[in-house]
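Worksheet: one structure, shown below.
Every number here is computed from the coordinates shown, using simple stated rules; none is lab data. Just so you know, these numbers come straight off a predicted model, no measurement behind them. Glycine also receives a Cβ, built like all others from the backbone with ideal geometry; neighbour counts cover every protein chain displayed.
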Amino acid sequence: MILARERFGKAIDASVFPGAQGGPLAHIIAAKAVCLQEVMEPGFVGYQKRVVANAKALAAALIEEGFHVTSGGTDTHLMLVDVFRQGVRGKDAELALHQAHITTNKNTIPFDTNPPLNPSGIRLGSPAVTTRGLREAEMRQVGAWIAEVLRSPSEPTVIEGVKRRVLEMAERFPLYSWKLQPSGVAR
């Protein structure tokens, strides 16, 4: 979405349509409307601050565990982690963490010597778990679990142990907690 003064409208339209932008798609328009509505909510700034605080806590936990966060930490909602320094490739890290129910993406890192389809890093972010209600203490725990899996990515017992703890945490922070009644039963 581009927000600009009216005088720039024709130039912007000519530069993005039809090449970079297709026709108006109703689901995309609706998603943008919902996004703009959420941004206007009073709690949005607080939520964004929690997202960044959670990402910082996760990055710090990984650094404490001996992993290299490529930027030395983070000031945003995400980070790149060099897992190759620990002898793991990004694709293997992604798979092992997925088996432990921790979602990540393999990702190239700056000056990566490995191929893009099996790079040296992974990308981690905090918005989804922040939405579930996790805070900095939980993010530090998640960082420890990530380190545990990546130290033994081929060990099913390690992966299963972390998976069990991840599922227990997920139970404490359900996706749709706003739909639960006080009794814990979904409406």
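In the set (1) assigned to a loop (DSSP other than H, G, I, E, B); (2) touching a residue at least 40 places away in the same chain (Cβ under 8 Å), the condition left unmet by residue 144 is number (1).
For segment 31-71, which residues satisfy the criterion of being more than 20 Å from residue 104 (Cα to Cα) and either of a type in the set (A, V, I, L, M) or touching a residue at least 24 places away in the same chain (Cβ under 8 Å) (or both)? Listed by number, the residues that qualify are 31, 32, 33, 34, 36, 39, 40, 45, 47.
So, of the residues in segment 86-108 that are in contact (Cβ under 8 Å) with a residue 24 or more places away in the chain and small (Gly, Ala, Ser), which turns out to be surrounded by the most Cβ atoms within 10 Å (Cβ to Cβ)? Out of the qualifying residues, it is 90. Candidates are the residues of segment 69-100 that are touching a strand residue (DSSP E or B) at 6+ places or on another chain (Cβ under 6 Å) and in a helix (DSSP H, G or I); the one that is nearest to residue 155 (Cα to Cα) is 93.
Does residue 62 count as over 27 Å from residue 158 (Cβ atoms) and not aromatic (Phe, Trp, Tyr)?
Numbers: over 27 Å from residue 158 (Cβ atoms): no; not aromatic (Phe, Trp, Tyr): yes.
Taking the combined requirement at face value, the residue does not satisfy it.
Listed conditions (1) among the polar types (S, T, N, Q); (2) assigned to a helix (DSSP H, G or I); (3) surrounded by 16 or more Cβ atoms within 10 Å (Cβ to Cβ) are all met by residue 157, apart from (3).
Among the residues of segment 138-148, is there at least one that is buried (at least 19 other Cβ atoms within 10 Å of the Cβ) and farther than 30 Å from residue 46 by Cα? No, because not a single residue in segment 138-148 is buried (at least 19 other Cβ atoms within 10 Å of the Cβ) and farther than 30 Å from residue 46 by Cα.
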